[in-house]
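Only one structure is covered here, and it is reproduced in the block below.
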Amino acid sequence: MHLTRRLMAALTAHALFMTAQPAKADDDGMQFSLSGFANLTVAKVLSGKQGTYQQWSCPCTIQNWEYVGVYEQSKGWQADQESLVGLQGSLRVNDSLSGTMQVLSRPHNDNYRPSVDWAYVSYALNDQWTIQVGRKRIPLYYYSDFLYIGTAYPWVRPAPDVYGWPIYAYDGANLAYSGAIDGGSWTLDANAWAGSFNTRNDAYDTKIYYTQPTDEAWRDIAGGYVTISDGVWSARAMLMTFKDQQVTHHPDGTITVNLDNDRTSIGALSLNYDGSHFIARSEFNRFQQAGTGSTYNYFLAGGGYKQGAWTGMYTLSHYTTTFNNIGSPIEGRRTQTFALRYDLNKNVALKAQYDISVDESRYDFFGNSTLMSFAIQSSF
Amino acid sequence: MWWGAVLALGCRAVAAGPLAVVVAASNPSPKLNHDQVAAIFLGAVKTFPSGNKAVPVDQVQGSPAYVQFYGQVTEKSEAQVRAYWSRMIFTGKGSPPQENGDSAAVKKLVSSNPTLIGYIDAAAVDGSVKVVYEVK
């Protein structure tokens, strides 16, 4: 209830008193703007495989990999796995230069301690090109860099079968392009980035896989994506490479180097359709690691229908690993998602979602589950 | 109380006549097509086809003109426009156009600055602005 009160207070405050700051029509100097977002997500595991996995009592299901949000049937309705509040402050110095910081608070951030997910300086070289330096989320897949902006997608959450890595941000620089092609009928959005990111005792590695403090670093990150859109269709292609370092610390002071700067590449393709009523979403992604021979293949494909303030959506998602050089067992999952969204107003979306998940792993992982979720999601 | 407030925010009447997308009379921009207007108002393109800077200005969010303009030009509801801008704001890609009141206020602002582009009631068009696209 403590969590619920906090989030409801945040939602109420912004719904009543705040709106996002618009772009200025004239360059009239320095300006500070504050915006934010909040998700109150309540979910319950309805059924699934009995047992345990690591610290969790099952039936259970993992719905957030970055911070490890896991629902357990034995805990009933849970609001403390995915709910969050984010605030973003931007200082616009002039038409070209601005600075932005975004902090996120959630139960898994060490009892609501805000974390800095974004902090960067942005400089517009001209009307098409922008360079940004600092910390940003990695725009790996279509929803990666706005994974927690619930009002921007039809589901309670983008498919966890696709969105799940221990590293979600990078410290570095990116060069972005935005402009028209084909006389303005299509637009091109492109970005190239480089940097690195280090985590210590990250939840993904430590809680899900190793159960002992594990650090992971992605070094020499270099990636880029290109998106073209005509406002109805959009197609996106992304490729990123990096060196993956992963070390586990044991109680006796020794360490195990799980990954030693293994060259890794991730490729992603997505094709989306946004008609007057019909919508479609698809993503096809692949992760490959040279040294370990690890390969992940994962996708989501879904279709929906919009009518007024309502959107209904069916989505199928799947991921699987393949045989590798290090003896890791095959892991995989297939999920069917039925989602319903209602736009209460321009800032608030209400959502309900039912997930049927089949664990295809060849070892005792989280297991099968069905999950019912409800969410109030807002941006302001 | 909170639910009452948000419900009230969500229930705005929608009714407007033909709209004209206008620039200053001195702006050399030729006529624009549907896609070009949408791209400018969604921040995907920041210049006119001539290459000159283009800065869109909105009427008040939720106003009949706002709802009609985005409904017909971008085929998005007010909530969908808001969702689009949420994504842009929180990924550092842009921010929505500045709100500038009603047709009279937008016309006055646009007519005085050749970088601006706005939409007004078609009946309000006069010699101070040039129509580059019509929303019927």
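Kindly indicate whether B:V60 is in a loop (DSSP other than H, G, I, E, B) and facing another protein chain (nearest Cβ under 7 Å). Talk me through it step by step, then tell me what you get.
Details: in a loop (DSSP other than H, G, I, E, B): yes; facing another protein chain (nearest Cβ under 7 Å): no.
It is false that B:V60 is in a loop (DSSP other than H, G, I, E, B) and facing another protein chain (nearest Cβ under 7 Å).
What do you reckon, is B:Q80 crowded, with 20+ Cβ neighbours inside 10 Å and either closer than 22 Å to A:Y153 by Cβ or modelled with pLDDT under 90 (or both)?
Taking the combined requirement at face value, the residue satisfies it.
Yes/no matrix, rows are residues, columns are (1) touching a residue at least 40 places away in the same chain (Cβ under 8 Å); (2) among the hydrophobic types (A, V, I, L, M, F, W, C); (3) out of contact with any Lys or Arg (no Cβ under 8 Å at 6 or more places or on another chain):
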{"site": "A:D274", "(1), (2), (3)": "yes, no, yes"}
{"site": "A:T292", "(1), (2), (3)": "no, no, yes"}
{"site": "A:N297", "(1), (2), (3)": "no, no, no"}
{"site": "A:I330", "(1), (2), (3)": "no, yes, no"}
{"site": "A:R333", "(1), (2), (3)": "yes, no, yes"}
{"site": "A:Q336", "(1), (2), (3)": "no, no, yes"}
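Which members of the range A:331-360 meet the condition of being over 21 Å from the mean Cα position of the chain (by Cα) and either at the interface with chain B (Cβ under 10 Å from one of its Cβ atoms) or modelled with pLDDT under 95 (or both)?
Result: A:Y342, A:D343, A:L344, A:N345, A:K346.
Can you tell me which residue is modelled with the highest pLDDT among those in the range A:175-189 that are at the interface with chain B (Cβ under 9 Å from one of its Cβ atoms) and within 13 Å of A:A124 (Cβ to Cβ)?
A:A176
Please go through (1) on the phi < 0 side of the Ramachandran plot; (2) modelled with pLDDT of 90 or more for A:A25 and return the number of the only condition it doesn't satisfy.
(2)
Which members of the range A:150-189 meet the condition of being among the aliphatic types (A, V, I, L, M), part of a strand (DSSP E or B) and buried (at least 18 other Cβ atoms within 10 Å of the Cβ)?
Result: A:A169, A:A176, A:A180.
What number of residues within the range B:83-112 satisfy the criterion of being at the interface with chain A (Cβ under 7 Å from one of its Cβ atoms), closer than 22 Å to A:W233 by Cβ and assigned to a helix (DSSP H, G or I)?
Residues in the range B:83-112 being at the interface with chain A (Cβ under 7 Å from one of its Cβ atoms), closer than 22 Å to A:W233 by Cβ and assigned to a helix (DSSP H, G or I): 4 in total.
Six or more apart or on different chains, Cβ under 9 Å: which pairs go from a residue in the range A:87-99 that's in contact (Cβ under 8 Å) with a residue 12 or more places away in the chain to one that's surrounded by 15 or more Cβ atoms within 10 Å (Cβ to Cβ) and of a type in the set (D, E, K, R)? Could you list them?
Hits for this filter: A:R92/A:K24; A:D95/A:K24; A:S98/A:R92; A:G99/A:R92.
Give me the pairs: first residue in the range B:26-43 and under 15 Å from B:G118 (Cβ atoms) and facing another protein chain (nearest Cβ under 9 Å), second residue of a type in the set (S, T, Y) and in a loop (DSSP other than H, G, I, E, B), beta-carbon distance under 6 Å, and six or more apart or on different chains, which are they?
What qualifies is B:A38/B:T74.
If A:L125 satisfies all but one of (1) farther than 25 Å from B:F41 by Cβ; (2) more than 9 Å from chain B (Cβ to nearest Cβ); (3) not polar (S, T, N, Q), what's the number of the condition it fails?
Only one criterion is unmet by A:L125, namely (1).
Quick one: how many residues across the range B:63-82 are more than 7 Å from chain A (Cβ to nearest Cβ), in a helix (DSSP H, G or I) and closer than 25 Å to A:D127 by Cβ?
5
Only residues that are part of a loop (DSSP other than H, G, I, E, B), surrounded by fewer than 14 Cβ atoms within 10 Å (Cβ to Cβ) and over 25 Å from the mean Cα position of the chain (by Cα): list them for the range A:95-130, please.
Matches in the range A:95-130: A:S96, A:L125, A:N126.
The values are calculated or read from the model by the stated rules, or taken from the named source; none is laboratory data. No experiment lies behind these values; they were computed from the predicted model shown. Positions of Cβ are generated from backbone atoms using ideal geometry, with glycine treated the same way; all protein chains shown enter the neighbour counts.
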